[in-house]
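*Asks:* Mind having a look at this structure? Questions to follow.
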Amino acid sequence: MKPTDAADTGSLRARLAYEPQVLKFGTSGRRGEVVHLTQLEIYINALAELEYLQSLSCTDGGIVRGDEFFFACDLRPSSTRYVPEEKGRGEIAQAIVRAIRDADMKPVNLGLIPTPALMCHAVGRGKGSMMITGSHIPFERNGYKTNTARGELLKKDEAPINARVERVRERLYKQPFAESLFNEQGLFKSGSQPLPPEDVSGRAGYIRRYTEFFAGRSLKGKRLLAYQHSAVGRDMLVEILQQLGAEVIPAGRSETFVPIDTENIDEEQLAKIQALADETAAKHGPLDAVVSTDGDSDRPLILGVEQGGARPPGALSARVKFFGGDLVGMIVAEFLGADAVVVPISCNDAIDRGPLKGACEPKTRIGSPFVVAGMEKARAKGRKAVCGWEANGGFLTGSDIERGGKKLTALPTRDAMLPILGALFSMVEKDVAMTALFERLPKRFSRAALLKKFPRPTSLRIVERFSPVDGKIKEVVFRKDGVTLLDEDRRELPAAALAQAMLGIAETLGRFFTPAAGFSGIARINYTDGVRIYFSNGDVAHVRPSGNADELRIYAVADTQARADAITKMGVAEPDGILRQLEKAVTA
């Protein structure tokens, strides 16, 4: 959109001293590198999204001019202040405040609180909201997430929003530079701006949500380590657990941002948590569990403590054991008595083998908007206690949940607090250790890993190379007597024309997932989101590009944790692991 004639030389676009990078939707919300997140780009997108929400009916989550509109932030520096190291970009919240005001809304600052706390407060009042957060992605990135007055934006909203963004962009770019709010760097000409005073009612309401629902139950006698790092909900986590009777020892607090991906806890992070557990146990006694969240506190991190197990070299306490979010979700859904559960295709398939099998709805694509849509379908079918979760642990409730005479109102967005509390109270109710609680689940084990700074176009080429040409095909089943093709509702599609091509894809994939590496023949391939390969020996390997960053992920499921770990290690090994081999295959 560079100017092409002299008449345009006085416009804002003509005066910009950088080449703008368009902020795009990711898996959930808009994310990008801070150096590209100018206040101009944030303002353009936020204003367009506000205008879109104003165009919706109340039943669709629309908002009304003149109403309050809520926002909150995580602890990333760029959320609320300029960052010299990132070309002076930042004060993203200030850009959103200006967009709210210019959309004729009243900005209400709920302060530094978790994403689900913001959503709980806003949706409970029938108002829209925006969370300034980069969630778990690396420090040099950030973004924000818009919510309607009913809940999260869904994927169907993205196309009309993007069309409106382009109209707003054109309108602002054409403004005479002298009249524009923005300078040549895409920052406000007015300079740094204070945010509106904080309203603490969102924080207080979120704490009450859980202390009231779990009232009458107690965590007394449980000693918990709360790994705080730079999670925005770090103090609220401690407060809620203490109010419910637990002995809580905070540790690992950091004033610099620590990107914690609860779906990809690597050995270095696990070693750091083990060291904190060792130090805490030495001072306070044995621990029952370690709990934490990601940066915006919508994903839980739960670790049991193997009191009777082997200790790692040099450890003073028992070994900590990480539990993936897909397994945590199963524990919590059973505890809540769910009659419908919605999970993405990436989740551990133990759910298909345990007591929740009959409650499991069709698997969705990865990302909370897809889970939300799946929960809405379940409600439409008459399900009463509906919940969902993701492999990263974010737990969503698509209906009100009643238990023990208490009601927990629906919160159709990722939440870290409910799964943490659900797992802890399930442990208390069954009177077992956290590790023993998870040992009761079907014996399927998962792991996820990723390659960072992996070009997204290359990731997409990998998926395209090993996918059918017909996008209606979501699963391919290989049998001795032929090939079966299924759509998203598991209805059979004509296979004759594409059967040979799919056999060719399976044969080619077998050159990367080899018998020498422990893989057997390919039994199924699912294309709901990425390429998920099911092997006849029970192994699962799933290759998928990240929706938020230039990262290529591999998910694994197997009959042992060692095998799941081995699959992901082979996947991300440098320089010639499976993912790198796939990269070479599509770039040669």
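Coordinate-derived values only; no laboratory data. Computed from a predicted model, the values in this text were never measured in an experiment. Please note: Cβ atoms are built from the backbone with ideal geometry, for glycine as well, and neighbour counts cover all protein chains shown.
*Asks:* Amide H of T364: which non-local residues (sequence gap of 5 or more, or other chain) have their own amide H closer than 5 Å, using H built in the peptide plane?
*Replies:* Placed amide hydrogens put V343, I345 under 5 Å from T364.
*Asks:* Order 159-169, 89-99 from most to least packed using the mean count of other Cβ atoms within 10 Å.
*Replies:* Those peptides, ordered most packed to least, come out 89-99, 159-169.
*Asks:* Between E492 and K283, what is the label-point separation in nm under the 7 Å Cα-to-beta-carbon projection?
*Replies:* 6.4
*Asks:* With a sphere of radius 12 Å drawn around the Cβ of K156, what net charge do the other residues whose Cβ falls strictly inside it have (Lys, Arg +1; Asp, Glu -1)?
*Replies:* -4
*Asks:* Tell me which GluC sites (Glu not before Pro) from region 485-588 have a DSSP coil assignment and no more than 10 other beta carbons within 10 Å of their own.
*Replies:* Passing both the DSSP loop test and the Cβ count: no residue.
*Asks:* Rounded to the nearest 500, what is the 222 nm mean residue ellipticity of the chain from helices alone, with -39500 (n - 2.57) per DSSP H run of 4+ residues and division by all residues?
*Replies:* Mean residue ellipticity, 222 nm, calculated: -10000 deg cm²/dmol.
*Asks:* If you consider only alpha-carbon coordinates, what radius of gyration and Dmax does the chain have, in Å?
*Replies:* Using the Cα atoms of the chain, the pair Rg, Dmax is 24.3, 77 Å.
*Asks:* Of L356, V372, T413, which is farthest on the positive side of the dipole of region 354-417, counting Cα position, with +1 on Lys and Arg Cβ, -1 on Asp and Glu Cβ, and the Cα centre as origin?
*Replies:* L356
*Asks:* What does the charge add up to near L224, with Lys and Arg as +1, Asp and Glu as -1, over the other residues with Cβ less than 11 Å from its Cβ?
*Replies:* Here the count lands on 0.
*Asks:* Which of the peptides 174-186, 563-575 is most tightly packed, and how do the rest follow, going by the mean number of other Cβ atoms within 10 Å of each residue?
*Replies:* Ranked by mean Cβ neighbours within 10 Å, highest first: 563-575, 174-186.
*Asks:* Among the trypsin sites (Lys or Arg not before Pro) in region 475-518, which ones are in a DSSP loop with at most 10 other Cβ atoms within 10 Å of the Cβ? Mind listing them?
*Replies:* K480, R490, R491, R511
*Asks:* Any idea what the dipole of region 445-587 comes to, in debye rounded to 20, about its Cα centre with Lys/Arg Cβ at +1 and Asp/Glu Cβ at -1?
*Replies:* For region 445-587, the charge dipole is close to 220 debye.
*Asks:* Would you mind computing, in nm to one decimal, how far apart the modelled labels at S57 and T514 are, each placed 7 Å from Cα along Cα→Cβ?
*Replies:* The answer from the label model is 6.0 nm.
*Asks:* Any idea what the dipole of region 202-439 comes to, in debye rounded to 20, about its Cα centre with Lys/Arg Cβ at +1 and Asp/Glu Cβ at -1?
*Replies:* 720
*Asks:* Taking 8 Å as the Cα distance limit and 6 or more residues as the minimum spacing, I'd like the relative contact order of the chain as a percentage.
*Replies:* 12
*Asks:* Which one, V83, C73, I578, is farthest towards the positive end of the dipole of the chain when Lys and Arg carry +1 and Asp and Glu -1 on their Cβ?
*Replies:* I578
*Asks:* Now for a different question. Starting from region 499-588, pick out the chymotrypsin sites (Phe, Trp or Tyr not before Pro) whose DSSP state is loop and whose Cβ has at most 14 other Cβ atoms within 10 Å.
*Replies:* Hits after loop and neighbour filter: nothing returned.
*Asks:* Now, a different point. Considering only the chain, what is the antiparallel percent among its DSSP beta bridges, to the nearest 5?
*Replies:* 75
*Asks:* Region 239-301 to region 379-447: how many Å between their Cα centroids?
*Replies:* If you average the Cα positions of each part, the centres end up 20 Å apart.
*Asks:* Using Cβ counts within 10 Å as a stand-in for footprinting exposure, how do S536, S346 rank, fewest first?
*Replies:* The most exposed by this proxy come first: S536, S346.
*Asks:* For region 494-499, just list the computed ³J(HN,Hα) in residue order, Karplus coefficients 6.51, -1.76 and 1.60, θ = phi - 60°, integers in Hz, with x standing in for Gly and Pro.
*Replies:* With coefficients 6.51, -1.76 and 1.60, one gets x, 10, 4, 5, 10, 4 Hz.
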